[in-house]
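Comments concern the structure below.
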Amino acid sequence: GATGRTLTLTAGTLNANNFNVTCDIFSSSNSNTRTLTMGSGTWTLTGSNATIWTTATGTNLTLNRNTATVVCNYSGSTGTRVITGVPSSLGDVMPNLSITAGTDTIVFSSGNYFKNIDFTGFTGTYGTNTGITCFGGFTLGTGMTVTGSTGVMTFAATSGTNVIRSNSVVFDRPITFNGVGGTWQLFDNLDISTTARTITLTNGTFDANNKNVTMGLFSSSNSNVRTLTMGSGT
């Protein structure tokens, strides 16, 4: 699409039928009955300095992600891109998210739920947010900056081994592992700052995979089934 083009699902069913979709902005945030079937294609968002994805109102929304990936490929430095997922009531329905370029600022508004989140290629700033949940793996982009925030990064997968790659970027915010049956494994060292940030293991398995972990506090004090594999790191 051209600059300024928005694809809006107001009511009814949009079935991408496994084809690729390109637009500046995607929006479907109302209480009408609507179904979004994303398929196996790539949904490319080219917008900048705006809310480029919003499904903030989950009432009467059915979201069938299949294996789709939302790719945000704006390569400039202007403004802030805002991404708003779905409310927690819809659970693990959001697609994969890949932010492949840009030196601007990315912000996730509250109530965000995504599968795999990948910042590879992004060298801008991951701005302050009130918290985000990831149901898959998580990768920070080499050269990007993470603004310090009290917004908790929650990993909530309930199956499989989900890899976390920091690429030497300090992830200055709290982390909670909370998925019954889920496993999270470090690919490299993890640093969430040495002062105020806490890593909390509530459910599932956290495998440090022989890497170093730096934080202000570690907490896992409950009666849930959980496994901490520390390895040979510090």
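The values are calculated or read from the model by the stated rules, or taken from the named source; none is laboratory data. On a predicted model such as this, the values are computed, not experimentally measured, just so you know. Note that each Cβ is placed from the backbone with ideal geometry, even for glycine, and that neighbours are counted across all protein chains shown. Note: areas computed on protein heavy atoms with side chains; ligands, DNA, RNA excluded. Shrake-Rupley method; radii C 1.70, N 1.55, O 1.52, S 1.80 Å.
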Candidates Thr139, Thr125, Thr105, Thr145, filtered to the one that is more than 19 Å from Gly85 (Cβ to Cβ), in contact with a Ser or Thr (Cβ under 8 Å, 6 or more places away or on another chain), touching a residue at least 24 places away in the same chain (Cβ under 8 Å) and of a type in the set (Ser, Thr, Tyr): Thr145
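On the basis of being touching a strand residue (DSSP E or B) at 6+ places or on another chain (Cβ under 6 Å), under 18 Å from Phe135 (Cβ atoms) and open to solvent by less than 50 Å² (accessible area, probe 1.4 Å), does Thr198 make the cut? So that I can check it myself, show each step before the final result.
Numbers: touching a strand residue (DSSP E or B) at 6+ places or on another chain (Cβ under 6 Å): yes; under 18 Å from Phe135 (Cβ atoms): no; open to solvent by less than 50 Å² (accessible area, probe 1.4 Å): yes.
Spelling it out, it is not the case that Thr198 is touching a strand residue (DSSP E or B) at 6+ places or on another chain (Cβ under 6 Å), under 18 Å from Phe135 (Cβ atoms) and open to solvent by less than 50 Å² (accessible area, probe 1.4 Å).
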So for the stretch 152-172 (the condition being closer than 23 Å to Asn96 by Cβ and in contact with a Pro (Cβ under 8 Å, 6 or more places away or on another chain)), does at least one residue qualify? yes
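Counting only residues that are open to solvent by 50 Å² or more (accessible area, probe 1.4 Å) and among the basic types (Lys, Arg), give me the strands (runs of 3 or more DSSP E) lying completely in the stretch 89-172 with at least 1 of them.
Working: elements: 96-99, 105-108, 112-114, 131-134, 152-155, 161-165.
Passing ranges, in order: 161-165.
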The conditions are (1) out of contact with any Asp or Glu (no Cβ under 9 Å at 6 or more places or on another chain); (2) modelled with pLDDT under 95; (3) surrounded by fewer than 19 Cβ atoms within 10 Å (Cβ to Cβ), and Thr84 fails exactly one of them. Which is it? (3)
Here are some conditions: (1) under 30 Å from Cys72 (Cβ atoms); (2) assigned to a strand (DSSP E or B). Thr205 meets all but one. Which one does it not meet? (1)
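Filtering the stretch 24-43 down to residues that are of a type in the set (A, V, I, L, M, F, W, C) and more than 11 Å from Val70 (Cβ to Cβ), which residue is least open to solvent (accessible area, probe 1.4 Å)?
Quick first cut of the stretch 24-43, residues of a type in the set (A, V, I, L, M, F, W, C) only: 25-26, 36, 38, 43.
When the remaining residues are screened for being more than 11 Å from Val70 (Cβ to Cβ), the result is 25, 36.
Numbers: Ile25: 34, Leu36: 2 Å².
This residue is Leu36.
When you check Thr78 against the structure, is it open to solvent by 20 Å² or more (accessible area, probe 1.4 Å) and assigned to a strand (DSSP E or B), yes or no? Spell out how you get there, then give the answer.
On the way: open to solvent by 20 Å² or more (accessible area, probe 1.4 Å): yes; assigned to a strand (DSSP E or B): no.
It is false that Thr78 is open to solvent by 20 Å² or more (accessible area, probe 1.4 Å) and assigned to a strand (DSSP E or B).
Test Arg65 against the stated conditions and say whether it is buried (at least 16 other Cβ atoms within 10 Å of the Cβ), of a type in the set (D, E, K, R) and out of contact with any helix residue (DSSP H, G or I) (no Cβ under 9 Å at 6 or more places or on another chain). Lay out the reasoning, then the answer.
Values: buried (at least 16 other Cβ atoms within 10 Å of the Cβ): yes; of a type in the set (D, E, K, R): yes; out of contact with any helix residue (DSSP H, G or I) (no Cβ under 9 Å at 6 or more places or on another chain): yes.
Considered against the rule, which asks whether it is buried (at least 16 other Cβ atoms within 10 Å of the Cβ), of a type in the set (D, E, K, R) and out of contact with any helix residue (DSSP H, G or I) (no Cβ under 9 Å at 6 or more places or on another chain), Arg65 comes out as yes.
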Neighbours by Cβ (under 6 Å, 6+ apart or cross-chain): first from the stretch 181-210, free of Cβ contacts under 8 Å to residues at least 24 places away in the same chain and closer than 14 Å to Val170 by Cα; second part of a strand (DSSP E or B) and of a type in the set (Ser, Thr, Tyr): Thr194/Thr214
